[in-house]
1. Among the residues of segment 235-251, how many are within 15 Å of ligand 3 (Cβ to nearest atom) and of a type in the set (Val, Ile, Thr)?
2. Conditions: (1) in contact with a helix residue (DSSP H, G or I) (Cβ under 8 Å, 6 or more places away or on another chain); (2) closer than 25 Å to Leu190 by Cβ; (3) surrounded by fewer than 24 Cβ atoms within 10 Å (Cβ to Cβ). Ile234 meets all but one. Number of the miss?
3. Quickly run through segment 196-250 and pick out the residues that are in contact with a strand residue (DSSP E or B) (Cβ under 8 Å, 6 or more places away or on another chain), among the charged types (D, E, K, R) and more than 13 Å from Ser183 (Cα to Cα).
4. Among the residues that make up segment 323-334, is at least one of them of a type in the set (Ser, Thr, Tyr) and either under 30 Å from Gly267 (Cα atoms) or in a helix (DSSP H, G or I) (or both)?
5. Please note which helices (runs of 4 or more DSSP H) are completely contained in segment 158-277 and include at least 2 residues that are without any contact (Cβ under 8 Å) to a residue 60 or more places away in the chain and more than 16 Å from ligand 2 (Cβ to nearest atom).
6. Condition (residue is surrounded by 18 or more Cβ atoms within 10 Å (Cβ to Cβ), of a type in the set (Phe, Trp, Tyr) and either within 17 Å of Gly70 (Cβ to Cβ) or within 16 Å of ligand 3 (Cβ to nearest atom) (or both)) applied to segment 298-308: is it met by at least one residue?
7. Taking the residues in segment 85-102 that are among the polar types (S, T, N, Q) and touching a residue at least 60 places away in the same chain (Cβ under 8 Å) as candidates, determine which candidate is farthest from Asp242 (Cα to Cα).
8. Scan (1) hydrophobic (A, V, I, L, M, F, W, C); (2) assigned to a loop (DSSP other than H, G, I, E, B); (3) more than 25 Å from Met257 (Cβ to Cβ) for the single condition Val38 breaks and write down its number.
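The values are calculated or read from the model by the stated rules, or taken from the named source; none is laboratory data. On a predicted model such as this, the values are computed, not experimentally measured, just so you know. Please note: Cβ atoms are built from the backbone with ideal geometry, for glycine as well, and neighbour counts cover all protein chains shown.
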Amino acid sequence: MLVAILPGDGIGPEVTAQARRVLDALAVPGMTYESALVGGAAYHATGHPLPPETLDLAKRADAILFGAVGDPTCDSLERALRPEQAILGLRKELTLFSNLRPAKMFPELADDSTLRREIAEAIDLLIVRELNGDVYFGEKGMRRTADGLREGYDIMSYNEAEVRRIAHSAFKAAQARRGKLCSVDKANVLETSQLWRDVVIEVAADYPDVALSHMYVDNAAMQLVRNPGQFDVIVTGNLFGDILSDQASMCVGSIGMLASASLDANGKGLYEPIHGSAPDIAGQSKANPLATILSAAMMLRFSLGQAEAADRIEAAVAKALAGGARTADLGGSLSTSAMGDAVLAAL
Ligand code: NAD
Ligand code: IPM
Ligand code: MN
């Protein structure tokens, strides 16, 4: 089993290093690792954020562990050369259309949530975010209006095949959980969303055991902080899922806690924390590595057939938190590697 490790930029290398220590400690037989440059680090070294060697490694690997990309010194490059194109390119090239972003309250962190304890304690939800379409991948550009004003545009679209395949992922996820699926859209305004809703309703016929509901995204943002315990699985498009998952992360204590899996139709996946390269704390050993460590657990479970090893990581994270291990985002003072130490000790 070959795992590609793509650390990326900013805190990406800091957090992936801790996940790698945990994987090494588990010593799963037959696992090998290869690393490659991605994002700004790859741009500075090779002139491209997703060099052919990196894409090739990602294609050859059985699974990919990804840190984060994003580098403020690259923000004025032409868009195709910016670090973010690397993660967008990997998602598209490998057809990683199904992005699972679980938000579950570790009881030990209930006081770290910005929500009141009794509201936060009830959170156990999964956001299923479509990852290959939407306004992210439509035609975009800059032009001039008839009267000479600069105008930026990004076309939002989904076709029915794209909606159908993510709907199937979400219904299956709901079947494996508590059997509730909430589809989030903006069908009161957007044609893209009207098609989304129509197709999700069609797919629902195959899953009579799942209770389907629909919610507009503005209401969903409000409900997520009013009563997040009402949600089991949420399925939504690329842009809405991006925004709602950052919001969900804070409901369970920190953006440094949320792991993710981005899967293709065959279970191959890229695993990454939902956060970015955090330039404001990069290089200071302040980053919380738990989202990346928990992403490694998802990788073992979903792509490498190692559910027991995944359980062990998740239990070790819970035990470290119960023992009081806290990085700065959780109100503590542990460094990134000291949090890694705490997880290793619990393991
Ligand atoms: P960000 O997630 O990097 O940071 C937002 C805030 O959360 C910052 O204050 C940061 O310090 C904090 N934070 C993030 N992760 C943390 C962790 N593990 N521990 C403690 N604190 C943490 O979002 P941003 O600042 O909007 O973006 C920074 C760069 O990252 C941008 O270039 C952006 O495009 C990129 N980005 C990349 C990914 C990805 O690679 N998948 C995801 C999101 C953002
Ligand atoms: C994420 C990030 C990415 C996204 C960016 C860096 C392209 O915010 O993984 O959540 O918008 O999908
Ligand atoms: Mn995001």
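1. 2
2. (3)
3. Asp242
4. No, the conditions are met nowhere in segment 323-334.
5. 160-175, 191-204, 217-226
6. Taking every residue of segment 298-308 in turn, none turns out to be surrounded by 18 or more Cβ atoms within 10 Å (Cβ to Cβ), of a type in the set (Phe, Trp, Tyr) and either within 17 Å of Gly70 (Cβ to Cβ) or within 16 Å of ligand 3 (Cβ to nearest atom) (or both).
7. Going through segment 85-102, the residues among the polar types (S, T, N, Q) turn out to be 85, 95, 98-99.
Now restrict to residues that are touching a residue at least 60 places away in the same chain (Cβ under 8 Å): 95, 98-99.
On the way: Thr95: 18, Ser98: 13, Asn99: 10 Å.
So, considering only residues that are among the polar types (S, T, N, Q) and touching a residue at least 60 places away in the same chain (Cβ under 8 Å), the one farthest from Asp242 (Cα to Cα) is Thr95.
8. (3) is the only condition that Val38 fails.
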